[in-house]
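Taking it in order: structure first as structure tokens, then the write-up.
The values are calculated or read from the model by the stated rules, or taken from the named source; none is laboratory data. The structure presented is a predicted model; accordingly, all values stated were derived computationally and were not measured. Cβ placement follows ideal geometry from the backbone for every residue including glycine, while neighbour counts extend to all protein chains displayed.
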Amino acid sequence: MSAISVRNLSKTYPVPFRRLRAFFRRPVKDPVEALRGPFRMIGLYDGATFKECRTGLAWPLAQTRAAETLKGEFLKGQGSAVLVTLDAQFEGAPEVLRVLRPASVLDARACPS
């Protein structure tokens, strides 16, 4: 068996390598800046996670006094998800919501349409 020579490979396949070189020489976009917050968010809280109404994305809550207060109010209730408004900001990786102020628990049990 003879070894495969790659010496003439670029002459045999010039188009893909030209495109590949162009791909790596393209300008790099600036990285997207992370959202800092704080934000006022409305969503459902089920005792462990907060699910934002507009996007449907869910995040766990960081351990803060405000989050503990919210959990206590949730446990006093009937145990099903409640609609709350939070003043919170994202932190860490993986992302968690850090509740900054005590949350407002609303009377509804579902997101507004």
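General remarks:
- Residue in segment 65-78 that is of a type in the set (Ser, Thr, Tyr) and within 20 Å of ALA110 (Cβ to Cβ) present: no
- Among the residues making up segment 93-113, those that are in a loop (DSSP other than H, G, I, E, B) and among the basic types (Lys, Arg) are ARG101, ARG109.
- Filter result for ALA22 (of a type in the set (A, V, I, L, M, F, W, C) and modelled with pLDDT under 70): no
- Scanning segment 93-113 for residues that are small (Gly, Ala, Ser) and under 14 Å from PHE39 (Cβ atoms) yields a single hit, ALA103.
- The residues of segment 83-92 that are farther than 12 Å from PHE39 by Cα and either in a strand (DSSP E or B) or touching a helix residue (DSSP H, G or I) at 6+ places or on another chain (Cβ under 7 Å) (or both), listed by number, are LEU83, VAL84, GLU91.
- Out of GLY56, GLY79, one residue alone is loosely packed, with under 11 Cβ neighbours inside 10 Å and modelled with pLDDT of 90 or more. It is GLY56.
- Residues that are under 13 Å from the mean Cα position of the chain (by Cα), in contact (Cβ under 8 Å) with a residue 24 or more places away in the chain and assigned to a loop (DSSP other than H, G, I, E, B) within segment 19-74 comprise ALA34, LEU35, ARG36, listed in sequence order.
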